[in-house]
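Each remark here refers to the structure printed beneath this line.
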Amino acid sequence: MDTSKDPSISLGSIYMFNPYYLKSFPERKTWMLVTGNSIELARPQPSEKLDTEVKRRMDAQMRDVAKIAYHAYPHYEKGYCLDNEYQYYPGRLEKQDSYGITWRGTTGHADTASRITIDVQSLNKDEQSVLEDRTSKGKLLRTFFPSTTVVVGGIKGELYTSHDKLNPTGREFQWLPSGTELGNRLKPLIMIDGEIDTRDLPPEYRDKISGEELILWILESIKMRVGGDEDILSQR
């Protein structure tokens, strides 16, 4: 990115590079696009020194990209499960890690509201303020909506549901954990929210299953990956 003409002090004083990598999987005849971490270096400095440092950081990222592998589920490989049975194991336990994934309805309704978002974040022992900030929304929800206790992936939490004011067939929901423990990778901060639109069901089920029932079924079906707890404990 050309930051040389940026009037702000924050960008005008650095070089910024946004790297992207293509990872090949010959056995599957597929390629994966991987977005690398942004590389930021102080400006100005000699071009030779700049090139050397950029290459050093990209080489480190490429070593991590090379550790992405394909493993058909179920498997007992260590690491992070990615989409479509890909898996990543850097060989180390990160100081902090996070994981996010979103599913959206695609069953013929261009205006479908069905969406489920899961965000998982491990928190260190000194991050009480982060935990309080992320869960503060739940205090407001408790004022307006009744809650249901639901266990997700072995962690107890409170589920809040409401009607979508603009969509009569939609049910909005948010699940907030009550079992998060700072410094415990087995009990991370899990935030789940979204909306279920019963129009996305096959016609024969739309009047038989409610949005609230679907939300409960989905949440209760979320489990820790087989062997996932051993994976985490082995890195302590």
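Each of L82 and L131 was given a label point 7 Å from its Cα along the Cα-to-Cβ line. The distance between the two points is 3.1 nm.
Between R43 and F145, how high is the FRET efficiency from 1/(1 + (r/R0)^6) when r is the Cβ-Cβ distance and R₀ = 35 Å? Nearest 0.05. Numbers along the way, then the final one.
Working: r = 50 Å, r/R0 = 1.44.
In this case the efficiency is close to 0.10.
Accessible surface computed residue by residue for the chain, with neighbouring protein chains in place and a 1.4 Å probe, gives 64 Å² per residue. Within a straight-line Cα-Cα reach of under 15 Å, K208 can be paired with the following aspartates and glutamates, leaving aside sequence neighbours fewer than 8 residues apart in one chain: D197, D200.
Per the Kirkwood definition applied to all pairs of different Cα atoms, how many angstroms is the hydrodynamic radius of the range 1-48?
Details: mean 1/r = 0.0770 Å⁻¹.
So the Kirkwood estimate lands at 13.0 Å.
Among P26, P74, P168, the largest mean-square fluctuation in a Gaussian network model of the chain, built with springs joining Cα atoms closer than 10 Å, belongs to P26. In whole percent, how big is the carbon plus sulfur part of the accessible area of the chain, probe 1.4 Å, protein atoms only? C and S fraction of accessible area: 55 percent. Using every Cα-Cα pair within the range 159-231, state what percent have a distance larger than 22 Å. Taking all Cα-Cα pairs of the range 159-231, the fraction more than 22 Å apart is 37 percent.
Based on the Kirkwood radius over alpha-carbon pairs, what value in µm²/s does the Stokes-Einstein equation return for the translational diffusion coefficient of the chain at 37 °C and 0.692 mPa s?
Numbers: Rh = 21.3 Å.
In µm²/s, the coefficient rounds to 154.
Please list, or write none, the lysines whose alpha carbon is within less than 21 Å of the alpha carbon of K67, excluding same-chain residues fewer than 8 places away. Those lysines meeting the cut-off are K23, K29, K55, K78, K95. Divide the volume of the convex hull around the Cα atoms of the range 1-97 by the residue count and you get 139 Å³ per residue. Here the calculated FRET efficiency for K5 and I209, from their Cβ-Cβ distance with R0 = 45 Å, stands at 0.20, rounded to the nearest 0.05.
The values are calculated or read from the model by the stated rules, or taken from the named source; none is laboratory data. Given the structure is predicted, the values throughout are model-derived calculations rather than measurements. Here the Cβ is made from the backbone with ideal geometry for all residues, glycine too, and neighbour counts use every protein chain on show. Protein only, heavy atoms only, side chains kept; ligands, DNA and RNA dropped before computing areas. Shrake-Rupley method; radii C 1.70, N 1.55, O 1.52, S 1.80 Å.
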